[in-house]
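The values are calculated or read from the model by the stated rules, or taken from the named source; none is laboratory data. Owing to the predicted nature of the structure, the values given are computational and were not obtained by experimental measurement. Neighbour counts are summed over all protein chains in view; Cβ atoms, including those assigned to glycine, are modelled from backbone coordinates with ideal geometry. What goes into the accessible areas is simple: the full protein's heavy atoms, side chains included, and nothing from ligands, DNA or RNA. Shrake-Rupley method; radii C 1.70, N 1.55, O 1.52, S 1.80 Å.
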Amino acid sequence: MMPERMQTKDLRVYFGKTEAVKGVDMEIRPGAVTAIIGPSGCGKTTFLRSLNRMHDNTRSARVTGHVYLGDRDIYNGGMNPVELRIRVGMVFQRPNPFPTMSIRENITFAPRRHGMRRRSDLQDLVEEVLRQAALWDEVKDRLDDPATGLSGGQQQRLCIARALAVRPKVLLMDEPASALDPTATQRIEELIFDLKAEYTIAIVTHNMQQAARVSDYTAFFYMGELIEFGETDVIFTNPKEAQTEAYITGRFG
Amino acid sequence: MNVGEGARHFQHDLELLRSQLLDMSVLAEELLRTAVEALVEGDAAKADSVILGDRELDAAEVEVDEAGINLLARHQPFARDLRLITMILRIANDLERVGDHAVNIAETVHHLGAVPAPLSRFPQIEEMAQIGRDMLTQALDSFVRGDSASAREVCRRDDLVDSLHNTGFRSLLTLMTEDPRWVGTGMSLILVGRNLERVADLATNVAEDVVYMVEGKSIKHGADRDEQ
């Protein structure tokens, strides 16, 4: 399974008259982790959500420009949202397993909707993605228990497993560890490291140490603009832009 | 975007670390100067003061190490702060070794029987000592001012010290071959020359670290020359 590249061209997101993302050209490279950092309100989450057309149902929101998945524009009629969300999975800040479903059902829900019916196929899938999400050993004996009985960290890994169940090419993560304790955070970070060979991953985080630990590339956003994009090693040791330097050294304000 | 000073307590601790390093540099320069004076004057007491003073420098290095590592652990700094702290740790190590070379030179005073060293046989020694001290001073000055151009000048001066060292070394070798009575004294002078040559190398290391600290670019092992 080959990860796919995402790319934005002059991407702009408006909420009413406010321009929250201002003409961003950026590449999210395949088989790598791209961290998106910046202060609150800089547009990083708005940018991430636009990669999955999550503003479609927000009445005041308007998106212009292009977002390519591979060579197809996910806006402008290039791809319908259902197909898009099979290819681009999303993990949110707070773990959000389907509350009325078991661990197993959380994973099989979407694949069933997309036509997977055979019990053995579904069983194999459950094991495969729970193993990928490093959760299998902890839950294999209680797959039919309610997902809400899991710890926060386990729930978040279940959400990652659920996202993987439709075999996406890209994983978008919006502060996936900010509600977790350090041990659970470490497990998520290890998981991101393990997954990056097979998936294209973009992660929004407020935690700069986390961005430095998990990512290969880092994008710094400020006031809706992409200020600097580069290899994480360079951004955190010798950034080119004064604004990036000020932000990551805490001289911002 | 307004650029502030950053977390006050971090900046305070960082300033403290810088001043600890500067104290070390004053001490290292002083030890080197005293060691060469002791050699020129054949002054055993001065030589002993170098050996004692080096312990102080060793202790100061340990303190800088601890303070630097604590800052890294507690603040996990990035970019220029990260470069500054890691380079301070490296420079502290280089200064400690300058102290060791000063001690080696001071010990030679005893080997020579605490009489003024016959420097006419290795006249380059005093010049090497002068240039080495100047290089060290300029390297540290570049550190304080964050001046990478000045640090690059220091690196260029190292070639001169190497060439003085080679010239002196060869003439002493000739002397010892022709007249074996010079072997003992000649060896002592060669060791002094070798230690001074190393001091200039260490000053060059400090200067290279200053360039990295300022520009985020390594110029070690001639990386800079390759580009030009």
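Once the 1.4 Å probe is applied to the protein heavy atoms, the protein assembly as shown comes out at 46 Å² accessible per residue. Charged side chains reduced to their Cβ positions (Lys and Arg at +1, Asp and Glu at -1) give the protein assembly as shown a dipole of some 3320 debye around its Cα centre.
Put simply, the protein assembly as shown fits an ellipsoid with semi-axes of 63, 23, 20 Å; these come from the alpha carbon gyration tensor as the roots of five times its eigenvalues, largest first.
Between the amide H of A:Ala35 and those of A:Ile203, A:Asp216, A:Tyr217, A:Thr218, A:Ala219, distances stay under 5 Å, these residues lying 5 or more places away or on another chain, with hydrogens modeled in the peptide plane. Protein heavy-atom surface of segment B:1-86, 1.4 angstrom probe: 52% of the accessible area is carbon and sulfur, with nucleic acids and ligands not counted.
For chain A, what % of the accessible area comes from carbon and sulfur atoms, probe 1.4 Å? Within chain A, the accessible surface is 47 percent carbon and sulfur.
Mind running the shape call on segment A:204-253? Use the C-alpha gyration tensor, a ≥ b ≥ c as the square roots of the eigenvalues: rounded below 1.5 for a/c, prolate if a/b tops b/c, oblate otherwise. Show your work: numbers first, answer last.
On the way: a/c = 1.31, a/b = 1.30, b/c = 1.01.
Verdict is rounded for segment A:204-253.
Per-residue extension of 0.36 nm, minus the Cα-Cα distance of B:Asp179 and B:Lys220, leaves a gain of 10.6 nm for this segment.
Could you report the buried accessible area between B and A, both sides summed, computed with a 1.4 Å probe and given in Å² to the nearest 100?
Numbers: alone 11530 and 12110 Å², together 22120 Å².
Roughly 1500 Å².
Here r is the Cβ-Cβ distance between A:Ala242 and A:Asp10 and R0 is 30 Å; the resulting FRET efficiency, rounded to 0.05, is 0.75. Between the C-alpha center of segment B:1-64 and that of segment A:107-134 there is a gap of 65 Å.
Semi-axes, largest first, in whole Å: what does sqrt of 5 times each Cα gyration tensor eigenvalue give for segment B:8-227? Let's see the in-between values first.
On the way: eigenvalues 243, 82, 26 Å².
Values for segment B:8-227, descending: 35, 20, 11 Å.
Give the separation of the Cα centroids, segment A:30-57 to segment A:150-229, in Å. Centre-to-centre distance over Cα atoms comes out at 12 Å.
For chain B, the Cβ-based charge dipole about the Cα centre amounts to some 360 debye (Lys, Arg positive; Asp, Glu negative; other atoms uncharged). Over what distance in Å are the Cα centres of segment B:104-127 and segment B:161-182 separated? Value for the Cα centre distance between the two parts: 14 Å.
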